[in-house]
Amino acid sequence: MPGYELINNEEYLECKDVLKKSKTFFRMGFDNIRKGIYKVASFEKKFSKHVNSKYALGVTSGTAALRVAIASLNLKAGDEIITQAFTFVATVEAIIEAKCKPVCINIDNSLNLDPKELEKKITKKTKAVIVVHMLGVPAEMDKIIKICKKKKIKIIEDTAWGCGGKYGNKFLGTIGDIGTFSFDHAKAITTGEGGMIVFKSKKNFLKAKAWHDHGHENNPKFPRWEDTRKSSGFNFRMNELQGAIGLAQLRKLNYIIKSQRKIYNSIWNSIKKIKGITKREYSKKCYISADALVIMVNNKKLSLRCRKFLLKYNISTKILPEAYTWHFAGKWSHINELKKLNLSKILRKSENKLSRAVSIPISIKFTKKQILNIKTAIQEALE
């Protein structure tokens, strides 16, 4: 989570172009006054090149990215979208807002979508799957793709926590049909709020581009106020200041991921011999972005105890164990569409896993002393 940790003069200079030169915050039009400065368009181009994707679209948030991605698939009301029990509530909110039916399934030992559960839950109404690479660890994409390809089901990768990570030799977000990213304050790179969507299909990209801009096709034959349109939509446009900050942050992404992985490994190497803990599982094909180090203990009481002792040494935890109710579908009784589904019972296996987990957020500014404090805290908690 170091994007905000590295904000410096680079972000200022990119924003200065907007504030002093173009003086245009709107990403489109005003060509006669903006002096050739198009920060969002440049950010999209460079982001797509970085992750080796054909098409990219900047939006206002990671939540907006999910909603626009779903809109690009032209799904019908009542179509089912499968996603996982462990994800931020926005994943399900986007499905419901699109008038589709969310189907939340159990997670495997990677704490991501379980391919075996996926295969069981597919019905004739299943049109898409949203796979979430939670806390920087990739899901089992080979197995998921095989299942979805056989059933002709579209895959959206929610890569909010996985920006910069890979599965095999492909960047997360580029393996399925569509990938979404979040650039909020606590993500690997940040624009304050903001998001990105990448596409394999030009058709999906053009649909999303119009839909996120009230249906505008941005037809070069007409001025914007006479533009053509084929559908309605909403306003999820990224603005030029977000694009400017994104450009500066993107240049730091490789350094961020390498640094996170180094700190992640240092922490694990210091604690791996402590009895009573194991590391979250993931495939050898995974190049994790190392957003957080998740360890598993024997029960919920011990996970809460670990958090208590980590806080004693001024080390925070992230989502697990203290805030998983925001990230676990079995606890979302406030969502009317989920109330009758008895998810707390259906997803009990997932809750058992999550209740035993402790997530340590990775700061690239962790010192040797802080890493030693993490070790000491966990040792004391498990004594």
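The values are calculated or read from the model by the stated rules, or taken from the named source; none is laboratory data. None of these values were measured; they are calculated from a predicted model. Using ideal geometry, Cβ is built from the backbone for each residue, glycine included, and neighbour counts are taken over all protein chains shown.
So is ARG229 under 18 Å from the mean Cα position of the chain (by Cα), surrounded by fewer than 24 Cβ atoms within 10 Å (Cβ to Cβ) and free of Cβ contacts under 8 Å to residues at least 40 places away in the same chain or not?
For ARG229, the condition - under 18 Å from the mean Cα position of the chain (by Cα), surrounded by fewer than 24 Cβ atoms within 10 Å (Cβ to Cβ) and free of Cβ contacts under 8 Å to residues at least 40 places away in the same chain - is not met.
Determine whether GLU97 is surrounded by fewer than 17 Cβ atoms within 10 Å (Cβ to Cβ), at negative phi, at pLDDT 95 or above and not assigned by TED's automatic domain parsing to the domain that holds LEU347.
Judged against the criteria, GLU97 is a match.
Identify, from the list ALA85, ALA56, the residue that is touching a residue at least 12 places away in the same chain (Cβ under 8 Å) and closer than 15 Å to LYS207 by Cβ.
Checking each option against the conditions leaves just ALA56.
If ARG348 passes every condition in (1) among the charged types (D, E, K, R); (2) in contact (Cβ under 8 Å) with a residue 24 or more places away in the chain; (3) farther than 16 Å from ILE374 by Cβ but one, which one does it miss?
Failing condition for ARG348: (2).
Considering only region 142-236, give the strands (runs of 3 or more DSSP E) lying wholly within it that have at least 1 residues that are in the same structural domain as ALA41 (by TED's automatic domain parsing) and over 24 Å from SER42 (Cα atoms).
154-158
Of the conditions (1) in a loop (DSSP other than H, G, I, E, B); (2) outside the structural domain of LEU320 (by TED's automatic domain parsing); (3) within 23 Å of LYS170 (Cα to Cα), GLY246 satisfies every one except a single condition; which number is it?
Only one criterion in (1) in a loop (DSSP other than H, G, I, E, B); (2) outside the structural domain of LEU320 (by TED's automatic domain parsing); (3) within 23 Å of LYS170 (Cα to Cα) is unmet by GLY246, namely (1).
Mind checking which residues of region 328-383 are over 13 Å from CYS104 (Cα atoms) and among the small types (Gly, Ala, Ser)?
SER333, SER355, ALA357, SER359, SER363, ALA377, ALA381
What's the number of the condition LYS127 fails, among (1) assigned to a helix (DSSP H, G or I); (2) over 30 Å from ILE362 (Cβ atoms); (3) of a type outside the set (A, V, I, L, M, F, W, C); (4) in contact (Cβ under 8 Å) with a residue 24 or more places away in the chain?
(1)
Report, by residue number, each residue of region 369-383 that is without any contact (Cβ under 8 Å) to a residue 60 or more places away in the chain and surrounded by 14 or more Cβ atoms within 10 Å (Cβ to Cβ). Please lay out each step first, then the result.
Taking region 369-383 first, the residues without any contact (Cβ under 8 Å) to a residue 60 or more places away in the chain are 369-370, 383.
Across region 369-383, the qualifying residue is only GLN370.
Of the residues that sit in region 1-55 and are among the small types (Gly, Ala, Ser) and farther than 16 Å from ILE245 by Cβ, which one is surrounded by the most Cβ atoms within 10 Å (Cβ to Cβ)?
Within region 1-55, the match that is surrounded by the most Cβ atoms within 10 Å (Cβ to Cβ) is SER53.
Looking only at helices (runs of 4 or more DSSP H) that fall completely inside region 29-99, which ones have 2 or more residues that are under 30 Å from ASN352 (Cα atoms)? If you could, list the steps in order and put the result at the bottom.
Values: elements: 39-51, 62-71, 89-97.
Hits in region 29-99: 62-71, 89-97.
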